[in-house]
Amino acid sequence: MVARGWWLLLVVGAAACAQAPPAADPATAKRIEDAQGLLDRGEARAAAGQYQAALLTLGEARRAAGDAAPWIVMRSWLAEGRLRARLGDPNGAQTALLKAAELTIVPDGHPDWPERPEILYRLGEARASLGRGKEARLAWQEVIDKSPHSPGRIDAERALAMLEAREGDPAGADKRLDAWLAAYPWSAEAPWLLHAAGQAFADRGQHEAAARRLDQLRRDWPQSENAWSARELLVDCRRQLKQYDQALALVGEVIGTRPELVMVADATGVKVDLLEAKGETAGAVAALDELAGRYPETWIAHRARLRAAALLRAKKDLPAAIQRLEAADQAFKAPYWRLQTLRPLIECYRAAKEWDKAEDATDVLVQTTAGTALGAEAMLLKAQIQQEAGRKRAARATLDKLLATYRGAPYVPLAEQLRRAWEVAG
């Protein structure tokens, strides 16, 4: 659900190096190189939509790796699990992910493979699709218990909350939903979760519980796309509860809130795509600015500013990109919105070498996401910014704080590796 970019690539690479075996003889080294090439090819074919060819190539990678490279075998099973889930084959996904999970079991006290949280999260998804809710719960709970600072932890907790909303008792579902929302109110998935939970309750005929969650969505995330799209479901819940006056009031509210904004936004998106394809960045940005000005206090405006900033940054116009991101940050101050704005804003400050602003914005990100997987990522980013700015002592202090605060893989190995590298570099 929620995508995690460059730092995960670094983390996985660092962890893989940490767990790789000693140097092999030339024949074995060639065998490992060939197996890695097949794995890369299989993943590329999967990304290109060549699904059957990808499955065949991943199988070839496992046969080529054999006992010489169990990490390649594990990653090929994980890649196959992802692909079979995408193809709507939960049985096949479960089989592949179980194979991957078996290869990532480590003795107590040893750091987990960085891929294990994702493997278990996806295994839980496959089991839930097969109606094996109890086993899905076990997989997700292991992620929460053993990898508390991994990205998969947030996904696992959200999945458990949704499973309870679909299948569990209402009290248990409410407890998990409230806990997740209290822990991650800044998450881009928070309004989505409330909308999905409302739909799950409504599907079970629990219209009062559904209406309560949809009202919460409209109250706490009023500018979100989900708050807009959930209105039809909320009207139906009010009708089922025979709350006709409230349903009529909601319908009137929708009619009076410029319902054309979605159509205008869609048309503007097409226009921007066409202008971008022609290389007319200025016209694309102008169209997005016009859209943001037309609906200034809506999720449409926020998305428009973010996209305009991305276009400008791609053209190396950092001052203009920063201007739009700072405007978005001022207009949408709730944690949910700020998390979406701060990341590109920090990267723009970083590219412009505005180190004080970059560090200040990263501090806000650290505070907003404290105690979660994203909090560790934010501290790692802060340390890197401090190092790039020449604030070497501060950078090492930030890494020390990260190591003391977040003890779960994959952050600790990478932080330790960075600290050693920086010490060698002086």
### Message
Tell me which trypsin sites (Lys or Arg not before Pro) from the range 172-259 have a DSSP coil assignment and no more than 15 other beta carbons within 10 Å of their own.
### Response
R204, K242
### Between the range 217-245 and the range 366-426, the alpha-carbon center distance in angstrom
43 Å
### Task
Could you work out the local net charge near M74, counting Lys and Arg as +1, Asp and Glu as -1, over the other residues with Cβ closer than 10 Å to its Cβ?
+2
### Peptide ranges 101-114, 357-370 listed from the most packed, as the mean C-beta count within 10 angstrom indicates
357-370, 101-114
## Note on the structure
So, relative contact order of the chain in percent, Cα under 8 Å, 6 or more apart, is 12 percent
### Query
Rounded, prolate or oblate: which one fits the range 358-426, using the alpha carbon gyration tensor with axes a ≥ b ≥ c (rounded when a/c is under 1.5, else prolate when a/b beats b/c, else oblate)?
oblate
#### Entry: Among D245, D155, D289, residue whose mean-square fluctuation peaks in a GNM of the chain (springs only between Cα atoms under 10 Å)
D245
### Cα gyration tensor category, rounded, prolate or oblate, for the range 258-352 with a/c compared to 1.5
oblate
### Task
Can you tell me the 0 to 90 degree angle between the C-alpha axis of helix 26-47 and the longest principal axis of the chain, rounded to 10?
10 degrees
### Task
For the range 137-154 and the range 90-134, write down the distance between their C-alpha centroids in whole Å.
11 Å
#### Entry: Anisotropy class of the chain from Cα gyration tensor, a/c 1.5 cut
oblate
### Summary
Per DSSP, the loop-located trypsin sites (Lys or Arg not before Pro) within the range 285-338 having at most 15 other beta carbons within 10 Å are K315, K316, K333
### Summary
Mean separation of Cα contacts under 8 Å (at least 6 apart) over the residue count of the range 60-176, i.e. the relative contact order in percent, is 17 percent
### Message
What is the sum of charges, Lys and Arg at +1 and Asp and Glu at -1, for the other residues whose Cβ falls under 14 Å from the Cβ of H110?
### Response
+1
### Task
Measure off 7 Å from each Cα along the Cα-to-Cβ vector at A47 and A352, then give the distance between these two points in nanometres to one decimal.
3.1 nm
### Task
Give a quick list of trypsin sites (Lys or Arg not before Pro) in the range 38-136 that DSSP marks as loop, anything other than H, G, I, E or B, with at most 16 other Cβ atoms within 10 Å.
R132
### Query
Of G124, G88, G198, which has the largest mean-square fluctuation in a 10 Å C-alpha GNM of the chain?
G88
## Note on the structure
Output ordering of 390-398, 31-39 (per-residue mean of other Cβ within 10 Å, highest first) is 31-39, 390-398
### Summary
Summing +1 per Lys or Arg and -1 per Asp or Glu among the other residues with Cβ less than 10 Å from G133's Cβ gives +2
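Here, each number is a calculation from the coordinates, and none is a lab measurement. Since we're looking at a predicted model, the values are computed, not measured. Every residue, glycine among them, receives a Cβ derived from its backbone with ideal geometry; neighbour counts consider all protein chains shown.
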